[in-house]
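Here the structure comes first, spelled out in structure tokens, and everything after it is commentary.
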Amino acid sequence: MNTDLAGLGHLFVVFFLFHFHSFMVIPAIIDVTMEAVCPGRDQCSVAIYLSGFQNAVTGLGAVVVTPIVGNLSDRYGRKALMTLPVTVAILPLFVLACNRSEVYFYVFYVASIVAGIFCQGTMHSLCFAYVADHVRPRRRAAAFALLSGVSAAGFVLGTLTARFLAASSTFQVAAVVATATAIYLGVFLPDSGGVSCTDGDEACDPLLQASSSSTSSSASSSDEELSPRLPPHKAGLPSLSDMFTFLTGSLAMSGAATITFFCSLGERGLETALMYYLKAQFGYSKDEFADLLLIVGAAGMLSQLTVMPILAPILSEEILLIVGLLGGCTQVFLYGIAWSYWVPYLSAAFVILSAFVNPSIRTNVSKNVASNEQGIAQGCISGISSFGSILGPLIFTPLTAWALSETGPFNFKGFSILCAGICTVIAFIISLRMRGAQSSACKKSIVEQEQA
């Protein structure tokens, strides 16, 4: 594993710094929004709708942009395309670093939408593709977990930093770190756009390349049934129909896309509702939000840097996915029925299990595509996630505003969060069905080999 990870040190630094400055400002965003839109109030439907609109527009743009950027990285290298999200992320932070008045807030709001379109999912898909370029398939689950753990470390330290900074200083520090990230990326990160093929490395099988010869063997035909296939490369970018064919080309890819969609829908619903729900239900402020996010980040970092790399060689990514989704269901439902201010902190601890989900999905995807399609494969999964991010705010923003309003038909402020939990339950059920279908296929294959 050390050999595979030898060239990833600079990537980990870039990924850490990117998340450090991104998460540093999250605890202060709610207070800044409320002060600009509804000063002096603890509940504000306008702020909720603004947040929902931003998430929807950002997700819509990311659905289109992320797969395209991933495809371009397969052609022109990961580093060149990583420069885009890393640079664009500086602009909104710089705006609020200058001033937090109402006018500056709305400039920040527009800049955040533009930056989110190019950053949401794009940085993750490019970094996962970069790791797939350097790490062998059998070790990618642990490598992806480490990459996610680096993200969680940035989450923890960014949130912890925000805990001790004033809101104005928070955005100034974040802007400086974002600028340093772009400089570090340009100076130190080696470029990557593919791997060197060696004998026995299944990632290098040309399953997704156009075949102009008729030298296919029965073994390769079997592989084609299990792996997706893009149409032959064209001069332009792949169309939406090409991407749809790619995602539905195998059980593994279609299952990963479906689970990703419902997980994203549930997560975005939880993100849309949680902070406003906690502010209305328990009077949470910037410090309580920072403490909660700190627990979430610490649990995720512990899980992805230690627990998952230990379990990955023992358990398959399918089993880890099921365990992670079960933990995610428990986490969301505890949030929804929280009866005291400390229950959300308990719920946050279940991130130790739910943190398995994303690395497991990404590992499964990377193993089912060839090395020259890692960028577009990870980009398509990120695009599916962004599509869930579009629907999430559209569904859960009015639901949250309705549940938190004083004129609602019943007094249950966590109703929208429980509805978000149903999406995670659906993803959990699909993962169980996928596991059963794969087990049946393996048993059928064994029986056929014995009969032969």
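The values are calculated or read from the model by the stated rules, or taken from the named source; none is laboratory data. Everything numeric in this text was worked out from a predicted model, so none of it was measured. A quick note on method: Cβ atoms are made from the backbone with ideal geometry, for glycine too, and the neighbour counts reach across all protein chains shown. Protein only, heavy atoms only, side chains kept; ligands, DNA and RNA dropped before computing areas. Shrake-Rupley method; radii C 1.70, N 1.55, O 1.52, S 1.80 Å.
Checking the stated criteria, Asp4 turns out to be at pLDDT below 85 and either more than 25 Å from Trp402 (Cβ to Cβ) or buried (at least 18 other Cβ atoms within 10 Å of the Cβ) (or both). Exactly one residue out of Gly297, Gly327 is buried (at least 20 other Cβ atoms within 10 Å of the Cβ), at pLDDT below 85 and under 20 Å from Ser264 (Cα atoms): that is Gly297.
Only one of the listed residues (Leu418, Leu399, Leu404, Leu391) is crowded, with 21+ Cβ neighbours inside 10 Å and touching a Phe, Trp or Tyr at 6+ places or on another chain (Cβ under 9 Å). That residue is Leu404. Against the condition in contact with a helix residue (DSSP H, G or I) (Cβ under 8 Å, 6 or more places away or on another chain), closer than 24 Å to Gly158 by Cβ, in a helix (DSSP H, G or I) and among the charged types (D, E, K, R), how does Asp31 come out, does it pass? Yes, satisfied.
Among the residues making up region 370-388, those that are among the hydroxyl-bearing types (Ser, Thr, Tyr) and either in contact with a Lys or Arg (Cβ under 8 Å, 6 or more places away or on another chain) or open to solvent by less than 10 Å² (accessible area, probe 1.4 Å) (or both) are Ser382, Ser386.
Condition check ((1) open to solvent by 50 Å² or more (accessible area, probe 1.4 Å); (2) closer than 25 Å to Val150 by Cα) across all residues:
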site	(1), (2)
Glu318	no, yes
Ile322	no, yes
Gln331	no, yes
Ser340	no, no
Val343	no, no
Phe350	yes, yes
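Given the criteria among the aliphatic types (A, V, I, L, M), in contact (Cβ under 8 Å) with a residue 12 or more places away in the chain and closer than 22 Å to Ala403 by Cα, does Val351 qualify?
Working: among the aliphatic types (A, V, I, L, M): yes; in contact (Cβ under 8 Å) with a residue 12 or more places away in the chain: yes; closer than 22 Å to Ala403 by Cα: no.
Considered against the rule, which asks whether it is among the aliphatic types (A, V, I, L, M), in contact (Cβ under 8 Å) with a residue 12 or more places away in the chain and closer than 22 Å to Ala403 by Cα, Val351 comes out as no.
Restricting region 152-172 to residues that are aromatic (Phe, Trp, Tyr) and surrounded by 17 or more Cβ atoms within 10 Å (Cβ to Cβ) leaves a set whose member that is modelled with the highest pLDDT is Phe171.
Applying the criterion of being free of Cβ contacts under 8 Å to residues at least 60 places away in the same chain and polar (S, T, N, Q) to the residues of region 72-130, the residue that is least open to solvent (accessible area, probe 1.4 Å) is Ser112.
Pairing residues of region 254-270 that are under 15 Å from Gly392 (Cβ atoms) with residues that are not in a helix (DSSP H, G or I), at Cβ distances under 6 Å and at least 6 apart in sequence or on separate chains, gives no pairs at all.
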